[in-house]
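Heads up, the thing below is written out as structure tokens.
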Amino acid sequence: MSTTDQIGSGSGIDAETWAAAHSSPEFTTLRRRLRNFVFPVSALFLAWYLVYVLLADYAHGFMSIKLVGNINVGLVLGLLQFVSTFAITTWYVRFANRELDPIAEGIRESLEGGASDKVADNSGDEAADTAEDSTDDAPSSDDAPSADEAPEKSADDSAEKETAADDGDDGDGDGAKDDGDAPEKSADDSAEKETAADDGDDGDGDGAKDDGAKKDDSEGGQK
């Protein structure tokens, strides 16, 4: 993982945003101004320090020249090393406040603004995806019965119920007819029984008459 990726992952700004900021004209200007100040001043301070070391090592006569009392050139140059360090620090702070910080602040705001916009876009995309999922899960208007279909369905249900009721009435009528046929059948059976009884009585009467005739014949024969 590169340094850019590490910085981007830790600050919430991705590597592409950092790369775009790095190649922006503002960042190029910032880097040029920083180099134009730091490199020359650093070289000047190192040269000044090197001169002091060389004088202290090879120019003992020059460094031992007394200026005021026991204060010589070497002591003054040594103290100037500290003074030059603080002077360069103050110079750089003023230069940065005037030339570098405004550009750096603009770059930082653009980075944070771009990250915020990207987060907002991602949130909007997630909300849109959630809304689409909810819309897909909800029943569509095509599946739901329309206002025209609802009365037609109710009318069809009523027609089916009436048909079922008519079938029930026909069944009751057939049952009543069967019940009406039952007494007629019973009456027919009674009439047949009465006819049979009459036939039986006639048969008995005829039998008695035959017996009487046979008896008379036998009696006449005996005589």
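Only the coordinates and a few stated rules stand behind these numbers; no lab work does. No experiment lies behind these values; they were computed from the predicted model shown. Counting neighbours? That spans all protein chains shown, and the Cβs are built from the backbone with ideal geometry, glycine included.
Coupling constants for region 63-76 follow from the phi torsions by the Karplus curve (6.51 cos²θ - 1.76 cosθ + 1.60, θ = phi - 60°), and in residue order they are 6, 8, 5, 7, 9, 9, x, 8, 8, 9, 5, x, 5, 5 Hz; glycine and proline get x.
Treating r as the C-beta distance of Leu50 and Asn70 and R0 as 22 Å, the FRET efficiency rounds to 0.25. Between Leu77 and Ala19, with labels modelled 7 Å along Cα→Cβ, what's the label distance in nm to one decimal, could you check? Taking the simple label geometry, Leu77 and Ala19 are separated by 5.3 nm. Paramagnetic label reach from Ser110 (point 7 Å along Cα→Cβ; backbone nitrogen cut-off under 11 Å): within region 10-41, residues 20-30. Close amide H partners of Asn72, meaning residues 5 or more places away or on another chain with modelled amide H under 5 Å apart, are Leu67.
Report the net charge of residues surrounding Arg98, where surrounding means a beta-carbon distance below 14 angstrom and charges are Lys +1, Arg +1, Asp -1, Glu -1.
The answer is -1.
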